[in-house]
1. In nm, to one decimal, how far is the modelled label at residue 110 from the one at residue 89, with both set 7 Å along Cα→Cβ?
2. Could I have the simple spin-label model distance between residue 64 and residue 50, label points 7 Å from Cα toward Cβ, reported in nm to one decimal?
3. Does the stretch 33-96 come out rounded, prolate or oblate, given a ≥ b ≥ c as the square roots of the eigenvalues of its C-alpha gyration tensor, rounded meaning a/c under 1.5 and, failing that, prolate meaning a/b above b/c?
4. Arrange the following residues from fewest to most other Cβ atoms within 10 Å of their Cβ: 61, 141.
5. Quote the FRET efficiency, to the nearest 0.05, computed for residue 161 versus residue 136 with a Förster distance R0 of 30 Å and r equal to the Cβ-Cβ distance.
6. Within 10 Å, count the other beta carbons around each residue, average over each peptide in 128-134, 83-89, 23-29, and list them highest first.
7. Efficiency by 1/(1 + (r/R0)^6): what FRET value for residue 5 and residue 99, r their Cβ-Cβ distance, R0 = 41 Å, to the nearest 0.05?
8. For every helix of n ≥ 4 consecutive DSSP H residues, a contribution of -39,500 (n - 2.57) applies; sum these over the chain, divide by its total residues, and give [θ] at 222 nm rounded to the nearest 500 deg cm²/dmol.
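Read the figures in this text as sums done on the coordinates, not as results from a lab. It should be emphasised that the depicted structure is a prediction, and the values quoted were computed from it without experimental measurement. Cβ placement follows ideal geometry from the backbone for every residue including glycine, while neighbour counts extend to all protein chains displayed.
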């Protein structure tokens, strides 16, 4: 099964010049979604980790299913002011703006090895911010798994250059 066949491309979303890769068409197809989750679990075997984290919000769809199957705790990395208890925060730049992500201070403990899962990597700014949250929490990043890599935007290269282990399931050009 080629997962690329289940990704919809939407031009000029969320702003002109962006070609948005939409995963909703993948997750609404039960066999494609199951295959995708199985592939992420298979890739996760190459990492040593004791917690799974995901970046809001589409990453939650994939990482929560993986967390359940590998029997590891699930950590949500959320947008600013979405978590009700004490948090660590990291500000970062996006391809089309800026943002802040947060994690509960009690989610990641010293020496935790965290596998971070997200639907897509573009420039790598969000993923790098997620790694900073793990580090601030005294954990370490076991690596990253992305469903989609927009290879010409350099995010995977940015992460591997920073010393992180990175896997993705499929690739598309960015713009």
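1. Between residue 110 and residue 89, the label points sit 2.7 nm apart.
2. 2.5
3. Numbers: a/c = 2.14, a/b = 1.68, b/c = 1.27.
Since a/c reaches 1.5 and a/b is larger than b/c, the shape of the stretch 33-96 is classed as prolate.
4. Working: 61 19, 141 25.
So the ranking, lowest neighbour count to highest, is 61, 141.
5. Efficiency, from the Cβ-Cβ distance: 0.90.
6. Details: 128-134: 22.4, 83-89: 14.0, 23-29: 16.6.
Result, highest mean Cβ count within 10 Å first: 128-134, 23-29, 83-89.
7. On the way: r = 31 Å, r/R0 = 0.75.
The pair residue 5/residue 99 has a calculated efficiency of 0.85.
8. On the way: 5 runs with 51 residues, N = 175.
Here the helix-only value at 222 nm equals -8500 deg cm²/dmol.
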